[in-house]
Amino acid sequence: MPVATFFIGMYQELQRITALELFYATIALFTSIILGLISAMVFIMLAKSKQAARQKHLQSTFKQWLVSIILQEPDEANTFFSMPEEISLALQKRFARRALLEELVRLKSNLSGRAGDNLQQLYNQLQLHKLSAHDMHSSKWYLKAKGIQELATMDQKTYLPEIYTLTLHPNVQVRTEAQTAMVCLQGYEGLTFFKQLAYPLTEWHQVQLLQLLANQPISNTEMIRDWLQLPNPSIVQFALKLISEQHASQFQQDVITCLSHLEEIVRSQAIACLGEIPSAPAAQALRSHYSSESSKTLQLNILAELMKTGTTSELPFLQQLRLTPDEGMRLAVEKTINHLQQQV
Amino acid sequence: MALIYNLFHYGMLWYAVSMLGCYIFLSSLAIIEAVRYLRRSRLTNYNLLASSPYAPSVSILAPAYNEGANIIENVRSLLSIYYNNLELIVINDGSKDDSMAKLIEAYHLAPAQLEYHQQLATKRVKAVYKSTNPVYNKLLVIDKENGGKADALNSGINLAKNQYLVCIDVDCILEQDALLKLVKPFMDETGKKVIATGGVVRIANSCVFKNGKLMDVNLPKDYLPRAQALEYIRAFLLGRMAWSNLNGLLLISGAFGAFDREVAIAAGGYNHNTVGEDMELVVRMRRYMADRKIPYKVAFIPDPLCWTEAPATYQILGRQRNRWMRGTIETLNMHRKLFMNPKYGVLGLMSYPYWLFYELLAPVIEFTGFILFLILAFAGLINWSFFLVLTAFILLFGWLFSTFAILMEVVTFNQYKKRGDLGKLILTALAEPFLFHPFIVWSSIKGIVDLLRKKNAWGEMTRQGFNTAPQTPKV
């Protein structure tokens, strides 16, 4: 009851306030908020410039030292990296440790070989992985994702089991960083989470994974065949892209099978993939699939692939298509015929 | 009489309160979206896409009309964009100057037999040119009869082969990674089809450029461009970010936006019968998707990607705002079926009503209010103390909104960080209701009058040209 009395009292008080008084109060409120916002703006500007100056100072402090570490010879590399006192003192502060961590990660992602190994060794020596792991254990998704990214860049294989559990995380950023980290640390073997993955892989993430695997030839053909059978169409699409990228013609028959997949993205990728592993059976499969393909876009894709990889043996098939009523298709057919005839 | 007065009185009050409520709601959504974007963006390596064979293919469409003075530099700037899977289609829309001759000479163009599929009706295309110099192999030039911007863009779409279209004003300067950032949203969605993306357009006046690249960001020195810089911060960082959060964007700036080519063609391309072709296309593409019940999204990214010169005189600014108002009315009229139509979800129930009430009707209501104020003042019917308090309330809310937008800019991208810039922006905001805003309202009213009188000219836009950094002397 006292609550009800309070509200009734408030209501009676409010009724006594005139419209003009209400406006005065609002004006005072708006003015205070504006002044507050301006103060916040000035404060943020000052804080940002102070932080930038601090960052710049730290970067210049670290610069020579990091250059000397990067340039260490192999025989010296197993030794403990010595640290100037100025840096040692600076690193007692969390901000400086964070700044160094970011600098190391930035440099490591651009350097490989001995220079990269030295940076990684310094990261281990300073136990900066604890900072990255701390972030990975955070409940905030952006810190979690950042921590995973740092651990992967610094090749911290000891964290693999933890990272693996995050590959199926409901947050898309955390999940993709964990998946990328798995491939970064283990190559193809890191993709074992595919079997449990129900979430789709975005096109962007597929490009990330493909880039990481670009210099690693497919060693386990059965694994790729398994992926082509998975119910998640984005994984099938990814596997087809991988086959294209590596021109892995041993999967030709599997790719042809994918032409009859229910999902359009898979069929589209299979068509593109057959263009990357051209052969007479591939061209035959594309020709056979053309008439059963329901999507006009994919039909155009087939014509584009035939133009790219076809031979004169495609001409009779293409001549038949000249009669199609669709102008766009007819134009594409003519273009393909012209191209193939010119090749002759 | 009393009833009419009360209806008017309370109607205006309701309108003002609902508008303020909308602004507060949209600002909150904008903060959420901007923070989410910035956190995601910090984790992203955009360079990944620059050289990947799996980067989506993009056709840049740049219509040009009488741009002879700067066309060579502008095309060079577009050719230097950091993206591999790209073609640049410049459309000479029947220029009366020497644009075409300059292009032919500078880029070694020769007529080419290319696949030009007339999927969208356009004025006659005289020829399609391709460079004989392999350095410019990404460049294609269409020479056509004059038909306006929409017509030029449609002829570009007819020639384009790539998956996504990026429509750009030829005189805009892009950030080096602009395309990488603009294309990413198309690759980030799995459940919905992204049909269009847009990025923040910033004011280039007083900024320094060298070889088509932005060298130094400056707050415009003149008042008018500076007021527009503030207006753009408000519109892009608050308005569009908020609508992006709701998936309710109706407008992707004609100066720089990307579209799914297939959907753009299926929806019918740019409409020749409106001067607001950029907004109209987005609305039509959205309707196309909604009618077919295909889940879709129009994305927006808050990164400053494109720099454009803002009108620096009242005359040119007036023409621009007149045209924008006509474009808005035409688009909303063409798509009036959307109004409060639950079938179109956010588009019909939120975006369309917002644009109708707070973008289209706002200048009408403001203008009517001002006229009424004059009449009542002359008749001695004004309660001056109440009037002053109400005016202070409205002015303060406007300043509050602008200050909040500046704060958002400081917290997020902080482009204007030179000494005194912040103060100048705040002073610009303070002067805006007296110097800038009344003129915008007046130009919009003129736009409505012009539309009623069936004047549908584009309105000539004269540019002053960008500041260029002094060239380093050759040794």
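The values are calculated or read from the model by the stated rules, or taken from the named source; none is laboratory data. If you're wondering where the values come from, they're calculated on a predicted model, not measured in any experiment. No Cβ is skipped: glycine too gets one built from the backbone with ideal geometry, and neighbour counts run over all protein chains shown.
Return yes when A:Ser39 is in a helix (DSSP H, G or I), more than 9 Å from chain B (Cβ to nearest Cβ) and within 23 Å of B:Ile406 (Cα to Cα) and no when it is not.
yes
Where residues in segment B:395-409 are over 12 Å from A:Leu35 (Cα atoms) and aromatic (Phe, Trp, Tyr), which of them is nearest to the other protein chains (Cβ to nearest Cβ)? Of everything passing the filter in segment B:395-409, B:Phe397 is nearest to the other protein chains (Cβ to nearest Cβ).
In the set A:Leu209, A:Leu191, only one residue is within 12 Å of chain B (Cβ to nearest Cβ), closer than 30 Å to B:Gln163 by Cα and buried (at least 21 other Cβ atoms within 10 Å of the Cβ); that residue is A:Leu209.
B:Asn158 - would you say it is among the polar types (S, T, N, Q) and under 28 Å from A:His339 (Cα atoms)?
Yes, satisfied.
Among the residues examined, A:Glu103 does not qualify as within 14 Å of chain B (Cβ to nearest Cβ), assigned to a helix (DSSP H, G or I), among the acidic types (Asp, Glu) and under 27 Å from B:Thr412 (Cα atoms). Looking across segment A:103-125, just one residue is surrounded by 17 or more Cβ atoms within 10 Å (Cβ to Cβ), among the charged types (D, E, K, R) and under 17 Å from A:Lys56 (Cβ atoms), and that is A:Glu103. Of everything listed in (1) away from every other protein chain (no Cβ under 14 Å); (2) under 20 Å from A:Thr167 (Cα atoms), the single unmet condition for A:Ser288 is (2). Before we move on, is A:Gly310 of a type outside the set (Phe, Trp, Tyr) and either over 36 Å from the mean Cα position of the chain (by Cα) or within 14 Å of chain B (Cβ to nearest Cβ) (or both)? In short, no. Considering segment B:180-210, the residues that are away from chain A (no Cβ under 14 Å) and over 24 Å from B:Ala229 (Cβ atoms) include one that is surrounded by the most Cβ atoms within 10 Å (Cβ to Cβ), namely B:Ala196. At pLDDT 95 or above and of a type in the set (Ser, Thr, Tyr): is that true of B:Thr190 in this structure? Here the answer is no, as B:Thr190 does not meet what is asked. Within segment A:293-344, the set of residues being surrounded by fewer than 14 Cβ atoms within 10 Å (Cβ to Cβ), of a type in the set (D, E, K, R), modelled with pLDDT under 90 and out of contact with any Gly (no Cβ under 6 Å at 6 or more places or on another chain) comprises A:Arg322, A:Asp326, A:Glu327.
Here segment B:32-81 is the region considered, the condition is being of a type in the set (Ser, Thr, Tyr), within 22 Å of the chain's Cα centre (by Cα) and within 18 Å of B:Met187 (Cβ to Cβ), and the residue that is surrounded by the most Cβ atoms within 10 Å (Cβ to Cβ) is B:Ser59.
Does B:Thr412 fit the bill of being within 14 Å of another protein chain (Cβ to nearest Cβ), under 30 Å from B:Arg40 (Cβ atoms), touching a Pro at 6+ places or on another chain (Cβ under 9 Å) and among the hydroxyl-bearing types (Ser, Thr, Tyr)? Yes; evaluated as a whole, the condition is true for this residue. Please verify whether segment B:215-228 includes one or more residues that are crowded, with 21+ Cβ neighbours inside 10 Å and closer than 30 Å to B:Met334 by Cβ. Checked against the condition, which is being crowded, with 21+ Cβ neighbours inside 10 Å and closer than 30 Å to B:Met334 by Cβ, segment B:215-228 yields at least one hit.
Within segment B:238-270, the set of residues being surrounded by fewer than 20 Cβ atoms within 10 Å (Cβ to Cβ), of a type outside the set (A, V, I, L, M) and in a loop (DSSP other than H, G, I, E, B) comprises B:Asn247, B:Gly268. Determine, yes or no, whether A:Leu197 is within 14 Å of chain B (Cβ to nearest Cβ) and either in a helix (DSSP H, G or I) or crowded, with 21+ Cβ neighbours inside 10 Å (or both). No; evaluated as a whole, the condition is false for this residue.
Taking segment B:291-344 as the range and being more than 17 Å from the chain's Cα centre (by Cα), in a helix (DSSP H, G or I) and of a type in the set (Lys, Arg) as the test, the residues that pass are B:Arg336, B:Lys337, B:Lys343. Examine segment A:46-54 for a residue that is within 14 Å of chain B (Cβ to nearest Cβ), at pLDDT 90 or above and more than 30 Å from B:Leu400 (Cα to Cα), and state whether such a residue exists. Scanning segment A:46-54 turns up at least one residue that is within 14 Å of chain B (Cβ to nearest Cβ), at pLDDT 90 or above and more than 30 Å from B:Leu400 (Cα to Cα). The single condition from (1) at negative phi; (2) without any contact (Cβ under 8 Å) to a residue 24 or more places away in the chain that B:Glu366 fails is (2). So is A:Thr5 under 30 Å from A:Glu85 (Cβ atoms), assigned to a helix (DSSP H, G or I), modelled with pLDDT under 90 and away from every other protein chain (no Cβ under 14 Å) or not? Against the criterion (under 30 Å from A:Glu85 (Cβ atoms), assigned to a helix (DSSP H, G or I), modelled with pLDDT under 90 and away from every other protein chain (no Cβ under 14 Å)), A:Thr5 does not qualify.
If you check B:Leu390 against the conditions, is it among the aliphatic types (A, V, I, L, M), under 21 Å from B:Ser28 (Cα atoms) and facing chain A (nearest Cβ under 10 Å)? No: the conditions fail for B:Leu390.
The test for being among the polar types (S, T, N, Q) and within 14 Å of chain A (Cβ to nearest Cβ) holds for B:Ser385.
Results for (1) within 12 Å of chain B (Cβ to nearest Cβ); (2) over 22 Å from the mean Cα position of the chain (by Cα), shown as yes or no for each residue.
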position: A:Trp204; (1), (2): yes, no
position: A:Pro217; (1), (2): no, no
position: A:Leu228; (1), (2): no, no
position: A:Gln237; (1), (2): yes, no
position: A:Glu245; (1), (2): yes, no
position: A:Ser249; (1), (2): no, yes
position: A:Thr257; (1), (2): no, yes
position: A:Glu264; (1), (2): yes, yes
position: A:Pro278; (1), (2): no, yes
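With the structure loaded, tell me whether A:Leu306 is more than 20 Å from A:Gln237 (Cα to Cα) and assigned to a helix (DSSP H, G or I) or whether it fails that test.
Details: more than 20 Å from A:Gln237 (Cα to Cα): yes; assigned to a helix (DSSP H, G or I): yes.
Taking the combined requirement at face value, the residue satisfies it.
Residues that are surrounded by 15 or more Cβ atoms within 10 Å (Cβ to Cβ) and within 21 Å of B:Ser52 (Cα to Cα) are absent from segment A:161-172 altogether.
Test B:Tyr23 against the stated conditions and say whether it is within 12 Å of chain A (Cβ to nearest Cβ), touching a residue at least 40 places away in the same chain (Cβ under 8 Å) and aromatic (Phe, Trp, Tyr).
It is false that B:Tyr23 is within 12 Å of chain A (Cβ to nearest Cβ), touching a residue at least 40 places away in the same chain (Cβ under 8 Å) and aromatic (Phe, Trp, Tyr).
Of everything listed in (1) out of contact with any His (no Cβ under 9 Å at 6 or more places or on another chain); (2) surrounded by 13 or more Cβ atoms within 10 Å (Cβ to Cβ); (3) touching a residue at least 12 places away in the same chain (Cβ under 8 Å); (4) more than 21 Å from A:Lys56 (Cβ to Cβ), the single unmet condition for A:Ala99 is (4).
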